[in-house]
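Below is one structure. I have some questions about it.
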Amino acid sequence: MLQLPGWLDDRMFALEPRLDEDWRIVLALSYFYAKSAAVVLAATFAMHLMLRAQWIALVGVHSVYPQGIRLDRLRMGPIQRSIETERQGTTEAAIERADNRSSVAFAIGVSVALIIASVCVIFCCMLVLATLSTQTLGLQVKPIWLFFGAFAAFMTPFMVAAGLDQHLHNRFPPDTPGHRLIAGVLRFYTRMGMSRSNNRIIAILGSNGGERRMMATVVGVMLASIIGVCASFLAMRSDSAIGNYSGFPDADPLAVSPAHYDDQRDPARDSVRPYVQSAVIIGPYLKLVVPYQPRRDEAAMRNQCSEQIRKLDGEALAKAQLACLQDMHPVTLDGRTLTDLRYEIASDPRTDRPALLAMIDVRELPRGRHELRVARPPRADRKPDKDHPDPGFDAIPFWR
């Protein structure tokens, strides 16, 4: 269980660059819910192990010293001893509390993990169907909004029937059409899996320990786990280092990022960026690889080149798409546009993702620092950020 969250992280970082915006939402929701369930379950096992170990220790100590705490042998004054005597209780009661505490904690953790896992399966399956429907039928609507609409339409009858039954039941006596309608709706949704007895653990704990307190605990644990997973994902994607570095220059166009060099990058975790073979180029050619990003490139191709490639197929379509990507990713070297640069259709060998490949002749370059800039189309799914504007290119410094 402790290895599962890390495995999910690796799958998320490997799959995310392959998907466009619609399918990325499906992947993101699956990842957040699945990792939240895994984190809750792993934390539950660890907490239960600790609490159950405390219970075992109390049982063992009580077996060795059945007389319990002997306050007369402990150093304290008479006032403190009288206070301790009032609060002492019996060891048997402490053992019972420890047993109950570990059992309830384990039950709540497992139930919350199962709830999150069920939500993951149901929500993600519905979102997959919504995405397939919009793409198959050509609907001009975001799958996430279609999903929310379908979910609201499905849940509204149940919410209305439950609300009428709970607050206005006196107006619907037995053997009336209204009573039979409400009963039929509630019976249908109960058979669909929305019965309180389906999660018997939460029903037992809520009915005996207070429903509001139990629901607050369940919702609180779910929110804490999901928010924690989202925060950890953003932290893993961020290039910012933890520490007091506010005085250090922070500007992407000026930074030398390891993600731009094949011998330094981490293909499993680094964001998708153009890269060259190394920061120091020894041979005659600079190998530039520009990975294809569906979220950015596909949307830009639809906006800029849809008319040219709409009626083509086969090799002609591939050539038109390559020409479109060529226009979208021009390259400058030390401020000079490389007009003779030609991309080849290739792939990133370490991630097996499609990419553009260009071999740039650098034999005539003088020794020292040089800078390659690879243009990129703007993100259609993201609004401009005034505080952190997109420079519109990836800067790759290298040395000869």
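The values are calculated or read from the model by the stated rules, or taken from the named source; none is laboratory data. Because the structure is a prediction, the values reported are computed rather than measured. Here the Cβ positions follow ideal geometry from the backbone for every residue, glycine too, while neighbour counts run over all protein chains shown. Accessible surface areas use protein heavy atoms only, side chains included; no ligands, DNA or RNA. Shrake-Rupley method; radii C 1.70, N 1.55, O 1.52, S 1.80 Å.
For I69, what is the net charge nearby, where nearby means another residue's Cβ is under 14 Å from its Cβ and Lys, Arg count +1, Asp, Glu -1?
Net charge in that neighbourhood comes out at +1.
When the convex hull of the C-alpha atoms of segment 55-163 is computed, what volume per residue in Å³ does it have?
Hull volume over Cα atoms, normalised by residue count, gives 207 Å³.
Can you send over the solvent-accessible area of I201, 1.4 Å probe, protein chains only, in Å² to the nearest 10?
I201 exposes around 70 Å² with every protein chain in place.
Using the Cα centre of segment 177-323 as origin and beta-carbon charges of +1 (Lys, Arg) and -1 (Asp, Glu), tell me which of L317, P249, M215 is placed farthest towards the positive end of the dipole.
M215
Return one whole number: the accessible area per residue of the chain in Å², for a 1.4 Å probe.
Each residue of the chain exposes 64 Å² on average to a 1.4 Å probe.
Would you please classify the overall shape of segment 189-289 from the alpha carbon gyration tensor, given that a ≥ b ≥ c denote the square roots of the eigenvalues, rounded means a/c under 1.5, and beyond that prolate means a/b larger than b/c while oblate covers the rest?
Prolate.
Related question: Once neighbouring chains are kept in place and the probe is 1.4 Å, which whole percent of the accessible area of the chain is contributed by carbon and sulfur?
Details: 15420 of 25650 Å².
About 60 percent, which is the carbon plus sulfur part of the accessible surface.
Additional query: Take Y292, Y65, Y31 and sort them by solvent-accessible surface of the protein heavy atoms, 1.4 Å probe, largest at the top.
Y65, Y292, Y31
Restricting to Cα pairs below 8 Å that are 6+ residues apart, what does the relative contact order work out to for the chain? Please round to a whole percent.
Value for the chain: 16 percent.
Counting other C-beta atoms within 10 Å, and keeping those with at most 13, which DSSP coil trypsin sites (Lys or Arg not before Pro) do you find in segment 295-342?
Values: sites: R295, R296, R302, R310, K311, K319, R336, R342; in loops: R310, K311, R342.
In loop regions of segment 295-342 (DSSP not H, G, I, E or B), the sparsely surrounded trypsin sites (Lys or Arg not before Pro) are R310, K311, R342.
Output wanted: per-residue J couplings in Hz (rounded whole) for segment 69-75, from phi through Karplus 6.51 cos²θ - 1.76 cosθ + 1.60, θ = phi - 60°, x for Gly and Pro.
For segment 69-75, the Karplus curve yields 6, 9, 5, 5, 9, 9, 6 Hz.
Now for a separate question. Let me test this: with uniform point scatterers at the alpha carbons of segment 233-325, what is the Debye-based log₁₀ I(q)/I(0) at q = 0.20, 0.23 1/Å?
Here the Debye-derived log intensity ratios amount to -1.06, -1.16.
Helix 211-237: angle to the longest alpha-carbon principal axis of the chain, degrees 0 to 90, nearest 10?
Tilt relative to the chain: about 20 degrees.
For the charge dipole of the chain, defined by +1 on Lys and Arg C-beta atoms and -1 on Asp and Glu C-beta atoms about the Cα centroid, which residue among V121, A203, A346 has the Cα displaced farthest towards the positive pole?
Result: A203.
Let me ask you something else. Sorting I281, I309 by accessible area (1.4 Å probe), largest first, what list results?
So the residues, ranked largest to smallest area, are I309, I281.
Just to confirm my numbers, what's the Cα centroid distance between segment 206-228 and segment 324-357 in Å?
Answer, in whole Å: 52.
Which Cys in the chain stand alone, with every other cysteine's Cβ at 4.7 Å or more from theirs?
Lacking a cysteine Cβ partner under 4.7 Å: C120, C124, C125, C230.
Let me ask you something else. With runs of 4+ DSSP H residues as the only contributors, calculate the mean residue ellipticity of the chain at 222 nm using -39,500 (n - 2.57) per run, divided by the residue total and rounded to the nearest 500.
Rounded to the nearest 500, the figure is -18500 deg cm²/dmol.
Using Cα atoms only, what is the angle between the long axis of helix 200-209 and the major principal axis of the chain, expressed in degrees (0 to 90) to the nearest 10?
Between helix and principal axis, roughly 50 degrees.
What do you get for the angle between helix 21-64 and the principal long axis of the chain? Use alpha-carbon atoms, 0 to 90 degrees, nearest ten.
Roughly 40 degrees between the two axes.
Convex hull over the Cα atoms of the chain, averaged projected area in nm²?
34.4 nm²
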